[in-house]
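See below for the structure under consideration.
The values are calculated or read from the model by the stated rules, or taken from the named source; none is laboratory data. Since the structure is predicted, the reported quantities are computational estimates derived from the model, not experimental observations. Cβ atoms come from the backbone with ideal geometry, glycine included; neighbour counts cover every protein chain shown. Surface areas here come from the heavy atoms of the whole protein model, side chains and all, with no ligands, DNA or RNA. Shrake-Rupley method; radii C 1.70, N 1.55, O 1.52, S 1.80 Å.
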Amino acid sequence: MRPTLVDFHCHLDLYPDLGTVISACDARRAATLAVTTTPKAFSRNRHLASKSEYVRVALGLHPQLVEQRANEMDLFERLLPETRYVGEVGLDAGRRFYHSFDAQKSVFRRVLDLCADAGDKILSVHSVRAAKHVLDLIEECLPMGNSTVILHWFTGSAAETRRGVELGCYFSVNERMLATPNGVRVLREIPDHLLLTETDGPFVEKSGKPIEPGDVWAVLSGIAAMRETTAERVQAQVIANLGRVVSHHQDAAP
Ligand code: MN
C-alpha cells in the first residue's frame, strides 16, 4: 500500500526498542529510512526490519564516528551489495569533529567510490559545516545519474543549496530546519520535485521528548505555509518524489 508519510532519515535503532518503532512505522504507513551510524549496526536493523513493508535500512558510517570506526570500512564494503540504501554518511566540520576531517574525507570518498562502482544506490548524506566539501566530493566521485543523493538537514548557504539542486540532489527537511532563518533560506531554494521529509529522530525533540518516527506533520505544515499551499499537497508531492527516488535505475530514461 502507498505510504501516507515519508521519514527519510530516522535513527530507529537509537530508540529504546527497535522492534516497537518498526511496528509503529508500519502502523502509520510511514515510509521510513532507518539510517545507521556504524556498519556493525546494520545486520540487526536489517534483520528486525526484514518483514516491514515501510521501513528500509541504510548502511552507514556517521562522520562523527569516523575517528573510532574507520576500521569498519572493510565491513561496509562487504555489506554494501546487500542494500540499495546508504547512510548516514558524509562530513562534519563542526568544532568537535574537525580534528578528524581528513579521515572523514577519505572515508566519504571511499563510500562514494564504492557506490559509484555499484550504481543505483540511494544515499542519505550529512554535511554539517561542510556543504562545500560534500558537494565537491559528490561532483567528483559520483557521476550524475549513477545514484541518488539525499542531502539530510542541509545547512549550507542558498548558493550551496542551488549547487546541490544542479547536481540532482534531493533534500530531506525536518521541522527544526524551519525554525532557523538559514533553514528557511535553504527551503526556498529547494524545488518541489526534490523535496523529502525526515524527522532525524531521536535527535530532534518535541516538548522535551524524542520526536516519533514518521511525525512529519509539523514540517509538512511549515512547508505548506511558506509555499502558500496545504500540508496535504506537500505530502502528496513528497510521496511522489519518494516514488521517483526508489524507482530510479541507472539506465532508466530521464
Ligand atoms: Mn542523523
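Note on segment 26-98: Rg/Rh from Cα positions, Kirkwood definition for Rh, rounded to two decimals, is 1.03.
The GNM of the chain, with springs linking C-alpha atoms under 10 angstrom apart, assigns the highest mean-square fluctuation among T38, T83, T20 to T20.
Computed from the Cα positions only, the extents of segment 85-181 along the three principal axes stand at 38, 29, 22 Å, in decreasing order. Build a GNM of the chain with springs between Cα atoms under 10 Å apart, and of P63, P81, P39 the one that fluctuates most is P81. Peptides 205-212, 135-142, 25-32, ordered by how many other C-beta atoms sit within 10 Å of their residues on average, highest first, read 25-32, 135-142, 205-212. Sorting the segments 89-96, 7-14 by their residues' average number of neighbouring beta-carbon atoms within 10 angstrom, most packed first, yields 7-14, 89-96.
The reciprocal of the average 1/r between distinct C-alpha atoms defines the Kirkwood hydrodynamic radius, which for segment 5-245 equals 17.7 Å. Per residue, segment 5-245 exposes an accessible area of 43 Å² to a 1.4 Å probe, with every protein chain left in place. For the residue pairs K51/K206; K132/K209; K40/K121; K40/K209; K51/K209, alpha carbon separations beyond 31 Å are given by K132/K209.
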